[in-house]
Amino acid sequence: MKIDRPIAIALILFIILLLVFFLVVPEYNKFKILQADLGEKRAEFNAEFDYYNAIANTYSQLQTRQDSLKKIDDALPIESNLGNLVYYLQNKALENGIIIRSLFLSKPSAANAGEEMQNVKELSFSLSLLGSYSSLGNFIRSLEKSARLFEISSISFNSNSGQFSSGSISSAKSQFQTPQLFSFSLELKTYSY
Amino acid sequence: MDFGTIFQLRTKKLWWMDVILYFVTSLLVATVLCYFIFLIKNSIQRKDIEKEIVALETVGTYQQKKQEREVVAYQKKINDFAALFQNHQFASQVFYFMQQETMPNVWFKSFNMDRENAIVNLPGESDDADAFSRQVAVFEKNKYVKNINLLNYTIAASSRIAFNLNLALDPKIFSYITGLNPIPQTETQSSESGVQTNPIK
């Protein structure tokens, strides 16, 4: 059979064009899309794998530092535990030779240490105390050493200064060195979730 | 149009016509091959994607999610604690400072701390202006007192001096790591000036 070459060439070129436009190019486009999809899925898998690996590492590190975590849990408890708190304050006051005459809890408010700490509540207490200056110093120190985070915002000495001038206090000693009992007001802050 | 030339191409047997014919034929074969190659490749890629989806389901199990929740919760808690601790003020430092620096014949009614600006407000009374001025001098000499930014006094009805002082303190005094804690209480006094010996100077 004799082939008419120019017509055959033209026909083959036409078929090639048809094949390219209707089969090869669409399949190539699909190939590119699938390739990108596969890349995304692989990256997602790798990222998740690395993330959970890091989580597992951090988790195991946390497990080895339970003591430190407990300290943080105690310093920043999930609940206010007001009963325990009041009991603790009374105990600490008695241990240090100071009497809590009154305790007033103001409304819990959000801590103002930063925007990221929106869940942290600030509990403010006003304490009226009776004791000597050294007992007050010991009480403050014991609060600062406690597992729970306490912050003293102000201390007021409510005792009458006339006591000082009337000679009941030795003028050789300063206000803070006298063993007499005085009234104090303490503004105390603590935190919880 | 010169149809003679086209007719010549059809009748004459030209060697380059064969070359072109073979070339376009091989191009056709290559195109078909390409199509099948892409078909196979796409099928393989679909399978790979399915495998990746299955693999993704194995990551983030219930156990891992539980660990993640715990870690994130502790991370937040640690950050909150760190922020609180960073801003934490140790009032005892200022209390010890007051114990050491307060002179006889001077009476402070209260002390209020402004931690952010490291300022302590001290309203009080003294026997006389001399005692008050010596008290101010003692504060000024202390290395933890940066300056006194408010100072006023009036003679009260009892002929004593009622004063108000604002001490701008070095923020280091509020820190636990100052080496100041605890400041031992001393009753030693300078015989000449009546000023107490201050171990934190």
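Bear in mind that the values in this text are calculations on the coordinates, not laboratory data. Values in this document were obtained by computation on a predicted structure and should not be read as measured data. Every residue, glycine as well, gets a Cβ built from its backbone with ideal geometry; the counts of neighbours run over all protein chains shown.
Taking 7 Å steps out from each Cα toward its Cβ at B:Val32 and A:Val25 produces label points 2.2 nm apart.
Across peptide A:176-184, the mean count of Cβ atoms from other chains lying within 10 Å of each residue's own Cβ comes to 2.
Fully extending the segment from B:Trp16 to B:Asn112 would add 24.1 nm, taking 0.36 nm per residue of separation and subtracting the current Cα-Cα distance. Spin-label model, A:Asp4/B:Glu50: points 7 Å from Cα along the beta carbon direction are separated by 4.9 nm.
So if R0 is 51 Å, what FRET efficiency would B:Ala168 and A:Ser60 give, r being the distance between their Cβ atoms, rounded to the nearest 0.05? Don't skip to the end; give the middle numbers.
Values: r = 47 Å, r/R0 = 0.93.
Working from the Cβ atoms, E equals 0.60.
Working ranking of peptides B:131-137, A:88-94, A:19-25 by packing, defined as the average number of other Cβ atoms within 10 Å per residue, highest first, is B:131-137, A:88-94, A:19-25.
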